[in-house]
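Scroll down for the structure; my scribbles are underneath it.
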Amino acid sequence: MNKKIPLYIQIHDYLLKSIQNKTYVTGALLPSEAELAKKYKVSLITIRRAMQELANEGWVKRQAGKGTFASMPTKINQPVGVLTSFTTDMEELGIKPSSTLLTQETIPAGEHESKMLEVKLGTPLFHLYRIRQGDGLPILLENVYVPLNIFPNLTNMDFSDQSFYKALTENRIELTRSTQEFEPVILTHNQALLLQVHDLIPAFLRKAVSYSKDRPIEYVESIYRKDRFRFIVETGRYSPKLVLISPKKTGR
């Protein structure tokens, strides 16, 4: 055992490797918690925490009175080329969406937000920070920023159980396009706690600006659990021609 890494994480990783390399195939019954505690020479509390981590990630399923079975986490296919609502996406997949509201406040636009939303520094913004869940499991963290002059009523709404995009639609605010960028990140300790996974695992960071016609009205930063999402991009038809973008000419 590595003394620098918590025991439950090491047990989690041993068991995860056994599931991934098919030592325990999908549907196979895992040893009991008492058997695992004896095998790895750790306490039952350590085993239970490791198993809870695996259950949160979808790698095992517990059945009362029967035991714990190896599983495979179901990945959500998330389209990138279209503007979609998390709530609608989950419902169409037969997954029950829910949210845990962490922050709902008015803040002044900082340098980054003012740049992304093309507003002046200090402009009042509506800030929404939520954990988004699928079937009760935390799967992404979502930070939303919207200029209050676009949608003043936002501060009077409760987004603990309401779709943000539905609220926009009901108030006749139409999103016409968005720009999105993705990059791999390592979860911070706090993010890992909120997503119920252990520290230092990879995740996807999505940064998106949504527009109503040519005006940016929403900036979103989302952290997606890597084990639960797969991003799908649909392209146009193949072209044998190489498209070159010429640099802009500058005057002298």
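Annotations
- Accessible-area order (highest first, 1.4 angstrom probe) of the listed residues Asp161, Asp13, Asp89: Asp161, Asp13, Asp89
- Base-10 log of normalised Debye intensity for the chain (one unit scatterer per alpha-carbon) at q = 0.08, 0.14, 0.15, 0.16 Å⁻¹: -0.43, -1.02, -1.10, -1.19
- When the alpha carbon gyration tensor of segment 78-155 is reduced to an equivalent ellipsoid, the three semi-axes, largest first, read 27, 14, 11 Å.
- Pairwise Cα inverse-distance average, inverted: Kirkwood Rh of segment 116-190 (Å): 14.7
- Cut-off 13 Å between beta-carbons: net charge of the residues surrounding Leu93, Lys and Arg +1, Asp and Glu -1: 0
- Solvent-accessible area assigned to carbon and sulfur over the chain amounts to 53 percent, based on a 1.4 Å probe.
- Rounded tilt (10° steps) of 44-57 against the dominant C-alpha axis of the chain: 40
- Charge context of Ile76, other residues only, Cβ under 10 angstrom, K/R +1, D/E -1: +3
- Per-residue SASA entry for His189, accessible area with 1.4 Å probe, Å² rounded to 10: 110
- In terms of accessible area, using a 1.4 Å probe and ignoring ligands and nucleic acids, Glu118, Glu142, Glu33 rank largest first as Glu118, Glu33, Glu142.
- Exposure of Ile186 as accessible area (Å², to 10), given a probe of 1.4 Å and all protein chains: 90
- Taken along its three principal axes, the alpha carbon spread of segment 1-131 comes to 62, 39, 26 Å, from the longest extent down to the shortest.
- The heavy atoms of Thr235 offer some 110 square angstrom of accessible surface to a 1.4 angstrom probe.
- Among the trypsin sites (Lys or Arg not before Pro) found in segment 103-184, those both in a DSSP coil and sparsely packed, with 12 or fewer other Cβ atoms within 10 Å of their Cβ, are Lys120, Arg172.
The values are calculated or read from the model by the stated rules, or taken from the named source; none is laboratory data. Owing to the predicted nature of the structure, the values given are computational and were not obtained by experimental measurement. Please note: Cβ atoms are built from the backbone with ideal geometry, for glycine as well, and neighbour counts cover all protein chains shown. The area values use the complete protein model at the heavy-atom level, side chains included, leaving out ligands, DNA and RNA. Shrake-Rupley method; radii C 1.70, N 1.55, O 1.52, S 1.80 Å.
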